[in-house]
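The values are calculated or read from the model by the stated rules, or taken from the named source; none is laboratory data. These figures come from a predicted structure and were not determined experimentally. Neighbour counts are summed over all protein chains in view; Cβ atoms, including those assigned to glycine, are modelled from backbone coordinates with ideal geometry. Ligands, DNA and RNA are stripped out before the accessible areas are found, and what is left, the full protein with its side chains, is counted by its heavy atoms. Shrake-Rupley method; radii C 1.70, N 1.55, O 1.52, S 1.80 Å.
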Amino acid sequence: MADILQIRRPASGTEAELAITEATIRATELRQFDISGEPLATFDPGFMNTAVCHSAITYIDGDAGVLEYRGYPIAELAEHSTYLEVAYLLLNGELPNAAQLTQWEQQVTEHRTLPDKLKTVLAGFPYDAHPMTILMASVAAFYSFYPDARNFDDPEARDLNITRLIAKMPTLAAFAYRKAKARPYVNPDDSYGYCHNFLAMLFKQAERRYVADPRLIRAMEVLFILHADHEQNCSTNAVRSVASSGNDLYTCASAGIGALHGPLHGGANEAVLKMLREIRTVDRVPEFIEGVKAGKVRMMGFGHRVYKNYDPRAKIIKKSVEDVFEVTGVNPLLEVAKELERYGLEDEYFVKRRLYPNVDFYSGLIYEALGFPPEMFTVLFAIPRTSGWAAQYQEFITDPEQKIARPKQIYTGSRTRSYVPMEERD
Ligand code: CMC
């Protein structure tokens, strides 16, 4: 028997049967109810209960704390794979074989360099410009260097621009970092892998060859894997929404970077570190918690729209924290973070609202230990999320169900008024 939802409106005596497929009803079917001349619609600020696409990329079960990319559990990918392998998986749906991975790594390596003229764009920013602003503007500027990105219906052009963007993000991020430090740029080194090269472009000084500790390279790989995609979050929704009007990948990714920058999304990792620094010592945690419960501040790095259980990414990051601290020495703020987490897991306020540590809770501590200033933290989120945005962009572009994004509103303003000449206004 077909699964249906029966809806009856006693006020008008109307009723309808809506088909339930994939645990959803089609919102447009509600239009058959006429409410005083208006077709019935749903009101859903923040998309609390609205699916906007079919997607085969990332699966999340927020109650069970499950995250899978293309069906592979995040913990297995974090343990066994590299970031570029995961990027390939997100984009192509399957893990690469050895030859495919080598070819993909070579393609990415080939495209790491920034267009020369982009350096002029970078030079125009003030030295204290937030690196996320530099990233957002520069990624948007890529379109002027690679206008073939508008040929997104051509798979070859699409693939090329996806590769370019994934390849250039670390270079751009490293240049933004070095610009703020007034240090000369370090060009990509083709003999290094993706993460090692990134660390070299950031931290190389006068030494002939920069060699990073393999444990730090691995920590970077793991962090990049964990941040690569997260289904229909705020920035991915921005990417898809901007794509819906027929935009190139760079314009869409730039919108994604803007959305990610907010402290409720990717900007939370920066906010967590600021919070930990403000709290400073373990004995000040109870006072901070009282402030959270009184609604004065939020506990950054806690809570999630989808996870009502421990964020599986946070579990893995917590383990990476220990690995990194083995190399760099322990950050004293770790004790403050652990104490906050203890409260968060025991205190009724958090338990009742099902607030758990999310991906951003511990990542800032690792980034700080690696030598990054807080304003770089969200940049470190944006680099790997680029592969997720690209995969979601590709899925969107090839999805015949999709249309230009155009939500409805409930109008609450004035109606049809006569223009008032200036001299007659109050
Ligand atoms: N600290 C204190 N209270 C919180 C927090 C928090 N971090 N998060 C949610 N709440 C409370 C909130 O006040 C509300 O309480 P009440 O029902 O009494 O009004 C209840 O929990 C539900 O919160 P909400 O804001 O309606 O939930 P949401 O799903 O709209 O927001 C969130 C999700 C992630 C924006 C929110 O939990 C938050 O602001 N967390 C802190 C910022 C953060 O860590 N963001 C990173 C998210 S993970 C990285 C990513 O993917 O972007």
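Candidates His230, His261: the one that is touching a strand residue (DSSP E or B) at 6+ places or on another chain (Cβ under 7 Å), touching a residue at least 40 places away in the same chain (Cβ under 8 Å) and surrounded by 14 or more Cβ atoms within 10 Å (Cβ to Cβ) is His230. Each residue in the stretch 111-132 was checked for being among the hydroxyl-bearing types (Ser, Thr, Tyr) and either outside any helix (DSSP H, G or I) or crowded, with 16+ Cβ neighbours inside 10 Å (or both), and 2 pass. Might you let me know whether the stretch 384-395 holds any residue that is within 23 Å of the chain's Cα centre (by Cα), part of a helix (DSSP H, G or I), farther than 30 Å from Val242 by Cα and not aromatic (Phe, Trp, Tyr)? No, the stretch 384-395 has no match at all. If we keep just the residues of the stretch 340-355 that are assigned to a helix (DSSP H, G or I) and within 8 Å of the ligand (Cβ to nearest atom), which is farthest from Ala294 (Cα to Cα)? Step by step, filter the stretch 340-355, then rank; the result is Arg353.
Every test in (1) surrounded by 16 or more Cβ atoms within 10 Å (Cβ to Cβ); (2) assigned to a loop (DSSP other than H, G, I, E, B) is passed by Phe288 save one, and that test is (2).
Being in contact with an Asp or Glu (Cβ under 8 Å, 6 or more places away or on another chain), of a type in the set (Ser, Thr, Tyr) and within 16 Å of the ligand (Cβ to nearest atom) is a description that applies to Ser387.
One residue stands out among those in the stretch 231-276 that are away from the ligand (no atom under 16 Å from the Cβ), in a helix (DSSP H, G or I) and not hydrophobic (A, V, I, L, M, F, W, C): the one that is farthest from Thr163 (Cα to Cα), which is Ser241.
Would you be able to say whether some residue in the stretch 155-165 is of a type in the set (Val, Ile, Thr) and not in a helix (DSSP H, G or I)? Within the stretch 155-165, none of the residues are of a type in the set (Val, Ile, Thr) and not in a helix (DSSP H, G or I).
State all residues of the stretch 291-323 that are assigned to a helix (DSSP H, G or I), within 15 Å of the ligand (Cβ to nearest atom) and either open to solvent by less than 40 Å² (accessible area, probe 1.4 Å) or in contact with a Ser or Thr (Cβ under 7 Å, 6 or more places away or on another chain) (or both); if no residue qualifies, say none. Listed by number, the residues that qualify are Gly291, Val292, Pro312, Arg313, Ala314, Ile316, Ile317.
Among the residues making up the stretch 356-372, those that are more than 14 Å from the ligand (Cβ to nearest atom) and open to solvent by 10 Å² or more (accessible area, probe 1.4 Å) are Glu368, Ala369, Leu370, Gly371. Return yes when Arg26 is more than 20 Å from Arg305 (Cβ to Cβ) and surrounded by 12 or more Cβ atoms within 10 Å (Cβ to Cβ) and no when it is not. It is false that Arg26 is more than 20 Å from Arg305 (Cβ to Cβ) and surrounded by 12 or more Cβ atoms within 10 Å (Cβ to Cβ). Being open to solvent by 10 Å² or more (accessible area, probe 1.4 Å), within 30 Å of Lys179 (Cβ to Cβ) and either out of contact with any Cys (no Cβ under 8 Å at 6 or more places or on another chain) or away from the ligand (no atom under 16 Å from the Cβ) (or both) is a description that applies to Glu375. Considering the stretch 390-409, and only residues there that are in contact with a Ser or Thr (Cβ under 6 Å, 6 or more places away or on another chain) and of a type in the set (A, V, I, L, M, F, W, C), the residue that is surrounded by the fewest Cβ atoms within 10 Å (Cβ to Cβ) turns out to be Ile404.
For the condition over 21 Å from the mean Cα position of the chain (by Cα) and in contact (Cβ under 8 Å) with a residue 40 or more places away in the chain, Phe33 does not qualify. Within the option set Val86, Val66, being crowded, with 16+ Cβ neighbours inside 10 Å and either basic (Lys, Arg) or in contact (Cβ under 8 Å) with a residue 12 or more places away in the chain (or both) holds for one residue only, Val86.
Consider Met201 carefully, then state whether it is under 28 Å from Arg178 (Cβ atoms) and in contact with a Ser or Thr (Cβ under 7 Å, 6 or more places away or on another chain). Yes; evaluated as a whole, the condition is true for this residue. Glu326 meets all of the listed conditions (1) in a loop (DSSP other than H, G, I, E, B); (2) touching a residue at least 24 places away in the same chain (Cβ under 8 Å); (3) open to solvent by 60 Å² or more (accessible area, probe 1.4 Å) but one, namely (1).
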